[in-house]
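Right, one structure below, let's go through it.
The values are calculated or read from the model by the stated rules, or taken from the named source; none is laboratory data. Just so it is clear, the structure is predicted and the values come from calculations on it, not from any experiment. Positions of Cβ are backbone-derived with ideal geometry, glycine not excepted, and every protein chain shown enters the neighbour counts. Accessible surface is based on the protein model in full, side chains and every heavy atom, while ligands, DNA and RNA are left aside. Shrake-Rupley method; radii C 1.70, N 1.55, O 1.52, S 1.80 Å.
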Amino acid sequence: MTGTMRAAVLVKPGQFEVQDVPRPVPGRDEVLIRISRVGICGTDMHIFNGHYAAENLPMIPGHEFTGTIAELGQGVTGLTIGAPVVVDMNIGCGTCYWCRRNEILNCPNMQQMGITMDGAFAEYISVPARLVIPAPGDVSAGVLALTEPLACVVRCARKANISFGQSVVVLGAGPIGNLHVQLLRTIGAAPIIVADLSEERVKMALEAGADVGVSDPTKLKDTVLHHTDGRGADVVIESVGLPALYQQATRLIRKGGHIAAFGITGAGETLPVDILQTILQENSIKGSVAGMGQDMHDALTLLTYGRIKTCHFTGASYPLDRIQAAFDSFVDRPQDLKTQIALTD
């Protein structure tokens, strides 16, 4: 298959151009995907605003996607043309120490679709066959496109070793914060306390399964202490990316508590840590950001079996030729937890 395709190229921060570009041809062990839906996430907004990966522009962003197999490259077996799929967007060498441990982001040759290389705001994308995951035909494209962001949340819970009966504070009730809440509910964490300046998004998080919601930051610490018998939370997840919230997290965990560092800050930001207190209280902090490997499979399973309420994530969609409007209006639509670009019906 040769020719051209339509693609949304971010030519500079804040400016998309929908262009005719060469349609990719799958090489050996690659698969050509006809894209159906692509979600816009916080990372895409950082790229759009010039705060992240600006050195890679011009580029086709987009990494939360689903589609159908259009063509198989040489040597590809076990996949079927026309089948719906989702794709792990993290490309490692597959053989190094980190790849063998499913820590792809640490691979010296790591690439990420839509971040370090062209991504999915286009009609087609060619990807390594090993990263293609067949999806059920009876799950909508809008729901399947949530696999990658949910996988990120799955990985966070896995890295933090969150289990049933643990108290968890989620800082931020945006789309990712809402998914954190829903996954925590599935795991059996309790109580789940969510905090956000937006009363509307706190309400949505409560509807999604949070036990307590706080929109007044001056009341957060007392609320956490009240619901944890004065101890503080077992785990605090920072899902916004603000240094001030990371500092607040250190004051919300119990002795021996854990901070899950998830929200991306600007480069060079630091978190002051009292070393002696950390040692004596056995506190901990661990980062995670991208779901990969098993995380993708687990997220797809959770979506397939309806463990995640998706109605607030699939209601806002824009065609490719209106992608500029989708990005420009993003922050003005807090009721839309996710905005998706629809390339096929």
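Which of (1) in contact (Cβ under 8 Å) with a residue 60 or more places away in the chain; (2) within 30 Å of VAL85 (Cβ to Cβ); (3) of a type outside the set (Asp, Glu); (4) open to solvent by less than 90 Å² (accessible area, probe 1.4 Å) is the odd one out, the single condition GLN294 does not satisfy?
For GLN294, the failing item is (4).
If you take the residues of the stretch 133-163 that are surrounded by 23 or more Cβ atoms within 10 Å (Cβ to Cβ) and over 18 Å from LYS338 (Cβ atoms), which of them is nearest to the chain's Cα centre (by Cα)?
Among residues in the stretch 133-163 that are surrounded by 23 or more Cβ atoms within 10 Å (Cβ to Cβ) and over 18 Å from LYS338 (Cβ atoms), the one nearest to the chain's Cα centre (by Cα) is ARG155.
Which of (1) surrounded by 21 or more Cβ atoms within 10 Å (Cβ to Cβ); (2) at negative phi; (3) touching a residue at least 24 places away in the same chain (Cβ under 8 Å) is the odd one out, the single condition GLY92 does not satisfy?
The one condition GLY92 does not meet is (3).
For THR218, only one of the following conditions fails: (1) closer than 29 Å to GLY62 by Cα; (2) assigned to a helix (DSSP H, G or I); (3) of a type outside the set (A, V, I, L, M). What is its number?
Just one mismatch for THR218, condition (1).
Across the stretch 99-132, which residue is nearest to the chain's Cα centre (by Cα) among those that are surrounded by fewer than 16 Cβ atoms within 10 Å (Cβ to Cβ) and touching a residue at least 12 places away in the same chain (Cβ under 8 Å)?
Within the stretch 99-132, the match that is nearest to the chain's Cα centre (by Cα) is LEU105.
Here are GLU64, GLU30: which of them is in contact with a helix residue (DSSP H, G or I) (Cβ under 9 Å, 6 or more places away or on another chain), within 23 Å of THR2 (Cβ to Cβ) and not β-branched (Val, Ile, Thr)? Show your work before the answer.
Working: GLU64 fails: within 23 Å of THR2 (Cβ to Cβ).
None of the other options fit; the residue is GLU30.
Hey, can you tell me all the residues within the stretch 1-18 that are outside any strand (DSSP E or B) and either of a type in the set (A, V, I, L, M, F, W, C) or surrounded by 12 or more Cβ atoms within 10 Å (Cβ to Cβ) (or both)?
MET1, PRO13, GLY14
Applying the selection to the stretch 204-228, what residues are within 24 Å of GLY306 (Cβ to Cβ), open to solvent by 50 Å² or more (accessible area, probe 1.4 Å) and not charged (D, E, K, R)?
LEU206
What's the number of the condition ALA173 fails, among (1) touching an Asp or Glu at 6+ places or on another chain (Cβ under 7 Å); (2) part of a loop (DSSP other than H, G, I, E, B); (3) open to solvent by 20 Å² or more (accessible area, probe 1.4 Å)?
Answer for ALA173: the failing condition is (3).
When the residues of the stretch 183-203 are narrowed to those that are touching a helix residue (DSSP H, G or I) at 6+ places or on another chain (Cβ under 6 Å) and open to solvent by 10 Å² or more (accessible area, probe 1.4 Å), which ends up nearest to LEU146 (Cα to Cα)?
Among those residues, the one meeting the criterion is LEU183.
Does LEU242 count as closer than 18 Å to VAL181 by Cα, without any contact (Cβ under 8 Å) to a residue 24 or more places away in the chain and open to solvent by 40 Å² or more (accessible area, probe 1.4 Å)?
no
Going by what's in this entry, would MET296 be described as among the aliphatic types (A, V, I, L, M) and in a helix (DSSP H, G or I)?
yes
Considering only residues that are closer than 19 Å to PHE65 by Cβ and open to solvent by 40 Å² or more (accessible area, probe 1.4 Å), which ones fall in the stretch 26-51?
GLU30, ARG34, ARG37, GLY42, HIS46
Confirm whether LEU300 is open to solvent by less than 30 Å² (accessible area, probe 1.4 Å), within 30 Å of ARG158 (Cβ to Cβ) and touching a Leu at 6+ places or on another chain (Cβ under 8 Å).
yes
Please go through the stretch 258-285 and give me each residue that is in a loop (DSSP other than H, G, I, E, B), open to solvent by less than 100 Å² (accessible area, probe 1.4 Å) and more than 16 Å from ILE162 (Cα to Cα), ordered by number.
Taking the stretch 258-285 as the starting set, the residues that turn out to be in a loop (DSSP other than H, G, I, E, B) are 262-274, 282-283.
Okay, now just the ones that are also open to solvent by less than 100 Å² (accessible area, probe 1.4 Å), so 262-266, 268, 271-274, 283.
Within the stretch 258-285, GLY263, ILE264, THR265, GLY266, GLY268, LEU271, PRO272, VAL273, ASP274 qualify.
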